Structures are given as C-alpha cells and as structure tokens.
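Reviewing the structure listed below.
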Amino acid sequence: MHDIRDLEDLGVVAVAIASSEFRQAADAQNRSLGYDPAVIFVPHPIQDRTDDEMRALADDALESILKSLSA
C-alpha cells in the first residue's frame, strides 16, 4: 500500500492488485495509514498457477482495474 500511496503522491493514478487472502491485511494497513486506495482482489492462491491461469485472472480483473483507474 505504501507503493500505491507513493505513486499517487507523485500524481500517478494507481490501483493495488492482491490475492483475496490479503484482504484483511490490506484493509488494516490502509486504516492505519489513513488511506483508501483502489484495490482489486483476485482469487487466492496465485503462486502455483500456470501462465494461462494467470492470464485468465488478469482478464477477469481487467474491467475492474480499468474502472478503478478512471474513477
């Protein structure tokens, strides 16, 4: 979240993408930072997925990512 905040402080529109396992941790960190970034969560786990599965996750998330970037 610090990286997204740093980018936005520089005027760069950004969105964080994380696996759903980290939703609570992201929410807690954002509360402690007093920050409310755009965050898109993808299904967990991701580390053992094939390239094709990762492309499918990205394709599924793309609309939400673009919507967050243009909000």
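The values are calculated or read from the model by the stated rules, or taken from the named source; none is laboratory data. Quick caveat, the model's predicted, so the values are computed rather than measured. So basically every Cβ, Gly included, is an ideal-geometry build from the backbone, and we count neighbours across all protein chains shown.
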Number of the exception - Gly11 against (1) on the phi > 0 side of the Ramachandran plot; (2) not in a loop (DSSP other than H, G, I, E, B); (3) not polar (S, T, N, Q): (2)
Pick from the stretch 13-26, criterion over 18 Å from Lys67 (Cβ atoms) and of a type in the set (A, V, I, L, M, F, W, C), ranking: surrounded by the fewest Cβ atoms within 10 Å (Cβ to Cβ): Ala25
Scope the stretch 27-71; condition of a type in the set (Ser, Thr, Tyr) and exposed (fewer than 14 other Cβ atoms within 10 Å of the Cβ); matching residues: Ser32, Tyr35, Thr50, Ser70
Tabulated pairs, the stretch 38-60, first in contact (Cβ under 8 Å) with a residue 12 or more places away in the chain and at negative phi, second of a type in the set (Asp, Glu) and not in a loop (DSSP other than H, G, I, E, B), C-beta under 8 angstrom, 6+ apart or interchain: Val42/Asp60; His44/Glu21; Pro45/Glu21
Number of the exception - Asn30 against (1) at pLDDT 95 or above; (2) assigned to a helix (DSSP H, G or I): (1)
Failed item in (1) in a loop (DSSP other than H, G, I, E, B); (2) in contact (Cβ under 8 Å) with a residue 40 or more places away in the chain, with Ile17 passing the rest: (1)
